[in-house]
Amino acid sequence: MFFFGHLGIGSKMVYPWREQLPRVALLAGTVLPDLIDKPLYYTLILFVGRDAASQSLLSGTRTFGHTLLLLILIAFLAVLRKSRVMAALAAGIATHHLIDVIGDEIQLRAGLLVTGTGPDGVQALLWPFLGWGFPTSATTLAGHGSQIINPWVWVGEVVGICILLWDYRRSWRRA
């Protein structure tokens with residue numbers, strides 16, 4: 001799923017706690033893993049080349065930002081500092097992970113994603129417990145963008161945009 005799917009669906013996944021969590025931090029958390037990992041991977045490809053990227057630790061678009069270690073670190077900081085902002089970030093990151101892992105499974109079962117050709121959410125999520133390597137992605141930035149024709153992606157984007165518009169409209173009426 002892409003940007004708006006994570007923002008809209010992720011923000012709705014924490015609906016019961018929405019009043020206690022700062023909205024901007026929650027929304028930032030829903031896309032933070034991609035904001036960390038995708039620029040790392042595509043910058044490496046740009047400057048070093050795809051072959052070097054596939055042979056390095058940064059072998060795909062799901063690396064450090066998509067790990068439980070990042071989530072645990074931010075949740076730990078939230079508890080340690082008693083920070084609602086960090087708690088919102090952690091909640092957003094958790095929704096991102098859940099959407100990615102469930103999305104991969106749905107796409108595999110629907111034949112939209114073939115094992116070994118796309119990112120493996122569980123392998124990245126449980127890094128380094130399943131090994132030191134991250135899932136390898138053979139995609140380019142253009143190839144990543146072309147995924148919008150994947151029904152899982154475009155339906156997720158449309159649903160995400162609808163949720164965001166609904167929430168915006170609802171908050172605008174209250175003001």
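A few remarks follow.
- Scanning the stretch 148-164 for residues that are surrounded by 12 or more Cβ atoms within 10 Å (Cβ to Cβ) and of a type in the set (A, V, I, L, M) gives Val153, Val155, Val158, Val159, Ile161, Ile163, Leu164.
- Checked against (1) at pLDDT 85 or above; (2) out of contact with any Leu (no Cβ under 9 Å at 6 or more places or on another chain), Ala88 meets all criteria but (2).
- Filter result for Trp154 (over 25 Å from Phe64 (Cβ atoms), more than 19 Å from the chain's Cα centre (by Cα), outside any loop (DSSP other than H, G, I, E, B) and at pLDDT 85 or above): no
- For the stretch 17-37, the criterion of being surrounded by fewer than 18 Cβ atoms within 10 Å (Cβ to Cβ), among the polar types (S, T, N, Q) and outside any helix (DSSP H, G or I) is satisfied by at least one residue.
- Qualifying residue in the stretch 130-142 (condition: modelled with pLDDT under 75 and in a helix (DSSP H, G or I)): yes
- Looking across the stretch 46-101, just one residue is among the acidic types (Asp, Glu) and crowded, with 20+ Cβ neighbours inside 10 Å, and that is Asp100.
The values are calculated or read from the model by the stated rules, or taken from the named source; none is laboratory data. It should be emphasised that the depicted structure is a prediction, and the values quoted were computed from it without experimental measurement. When we count neighbours, we look across all protein chains shown, and the Cβ atoms used for this are built from the backbone with ideal geometry, even at glycine.
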